[in-house]
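First comes the structure, then the notes that go with it.
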Amino acid sequence: MNRISVIIPTYNEETYIEDALNSVAFADEIIVVDSFSSDRTKEIAESFGCKVVQRKFDNFSAQKNFAIEYATGDWILFIDGDERVSKKLQYEIIKTINNPKHSGYKLQFPHFYMNRFLYHKVDRVVRLVKNDNVHFTGDVHEKLHVNGSIGILKNFMIHYTYKGLFHFLSKKDSYAWFQAGESFKKKKKVTYFHLIFKPFYRFFSGYVLKRGFLDGVPGLAVASINAYGVFSRYVKLMLLQRNLK
């Protein structure tokens, strides 16, 4: 039987972390990498017998790479504090790692907004990997590098993506600053193409091409706010460039 380590990055997740930990109780070890939470996140994780390590947050990749060093399992599963591994996904993960056909697997994440899961807004992200020199790059929307081929699991991860409108907007603005910072380092220029076409295409892609319209009002809201997130990224990049002058 292959052993599995779960890595959970946290910051002030006391409301959600207990359910997340219960959902991965099948793991051989759980590593919580905490960014010095000011709530009870660390205490709750320790009460579950987790291996808790703390590190000041600078970017998502560095935080997870730090935690990987503590993982002793043959496989690593990465989840966030507001995510839950369903029973069906749990069984699929255990079956997969004991008879793997790939070195890594994407998990499917339907978005949760306005008290419902949006099954036409599904992200597919590499989260289950063989513990073989894996690492992340990128400050935000980090990329997980795997030695070998990538498959995809069929069962959904439960992800309480956005707790409400203001949380959704706040999350988009936070990501926008990270993305703007990355673009600023690469000396990218902002044009009308970035400010007009790219936000429009993000809306069109999410609402029409990916059939977000089938999710009703929540689908429209998510597509609109995602378009706002793209627009916000380039506005923030303009602000960074102007402050340099």
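The values are calculated or read from the model by the stated rules, or taken from the named source; none is laboratory data. For clarity, every value in this text was computed on a predicted model and none was experimentally measured. Cβ atoms come from the backbone with ideal geometry, glycine included; neighbour counts cover every protein chain shown. All accessible areas refer to the heavy atoms of the entire protein, side chains included, with ligands and DNA or RNA removed. Shrake-Rupley method; radii C 1.70, N 1.55, O 1.52, S 1.80 Å.
Within the range 1-150, what is the number of lysine pairs with alpha carbons under 13 Å apart, leaving out pairs fewer than eight places apart on the same chain? Close lysine pairs found across the range 1-150: 7.
Rounded to the nearest percent, how much of the accessible area of the chain (1.4 Å probe, protein heavy atoms only) is carbon and sulfur?
Details: 7140 of 13050 Å².
So the carbon and sulfur contribution to the accessible surface is 55 percent.
Can you give the accessible area of R124 in Å² (nearest 10), computed on protein heavy atoms with a 1.4 Å probe? Its accessible surface works out to 130 Å², give or take rounding. A simple spin-label model places the labels of S174 and K186 2.3 nm from each other, with each point 7 Å out along Cα-to-Cβ. For the chain, the alpha carbon positions stretch 55, 43, 37 Å along the principal axes, listed from largest to smallest.
Please state the shape class of the range 136-245: rounded when a/c is under 1.5, otherwise prolate if a/b exceeds b/c and oblate if not, all from the C-alpha gyration tensor.
Numbers: a/c = 1.84, a/b = 1.24, b/c = 1.48.
Oblate is the answer for the range 136-245, as a/c is 1.5 or above yet b/c matches or exceeds a/b.
With a simple spin-label model that places each label point 7 Å from the Cα along the Cα-to-Cβ direction, the separation between I196 and N98 comes to 5.9 nm. In the range 14-100, Cα pairs under 8 Å separated by at least six residues give a relative contact order of 37 percent. The angle separating the long axis of helix 87-97 from the principal Cα axis of greatest extent in the chain is about 70 degrees.
Given Cα pairs under 8 Å that are at least 6 residues apart, what percent is the relative contact order of the range 123-245? If you can, show how the numbers build up before the last one.
Details: 100 pairs, mean separation 32.5, N = 123.
Relative contact order for the range 123-245 comes out at 26 percent.
Projecting the Cα atoms of M157, F178, L237 onto the charge dipole of the chain, computed from C-beta unit charges around the Cα centre, puts L237 farthest toward the positive end.
Suppose each label sits 7 Å from its Cα in the direction of the beta carbon; what would the L240-K56 distance come out to in nanometres? My value for the distance between the label points is 2.0 nm. Any idea what angle helix 165-185 forms with the longest principal axis of the chain, computed on alpha-carbon atoms, 0 to 90 degrees, nearest 10? The answer is roughly 80 degrees. Subtracting the Cα-Cα distance of V217 and N131 from 0.36 nm times their residue separation leaves 26.8 nm of extension gain.
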